[in-house]
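Here's the structure, in structure tokens; my notes come after.
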């Protein structure tokens, strides 16, 4: 039979320590399972997305058509504007920049 009067303080503290260790291990396992499920779901969604995109070649064709006909035109126009605004260094300034680079300034 169980007799509480024969328990020592060492036995009680040891039992509490054991339960604490088991509780911490269970908590870590539970939290790790949650992280694993999140990562697993992300890769499943990613795989499904990639399969859909590869299977739907019309979507890829239309997307590239939009990119080339619309966005690329705007990018090229912006680059032309930036080129016209660019300030060129004079020959004297360029020589000074090169001399500074060589001297380590």
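The values are calculated or read from the model by the stated rules, or taken from the named source; none is laboratory data. Quick caveat, the model's predicted, so the values are computed rather than measured. Cβ atoms come from the backbone with ideal geometry, glycine included; neighbour counts cover every protein chain shown.
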**OP:** Filter segment 1-14 for residues that are surrounded by fewer than 10 Cβ atoms within 10 Å (Cβ to Cβ) and assigned to a helix (DSSP H, G or I) and give the result.
**Re:** 4, 5, 6, 9, 10
Subject >> Sole exception among (1) modelled with pLDDT under 80; (2) surrounded by 10 or more Cβ atoms within 10 Å (Cβ to Cβ) for residue 28, by number >> reply: (1)
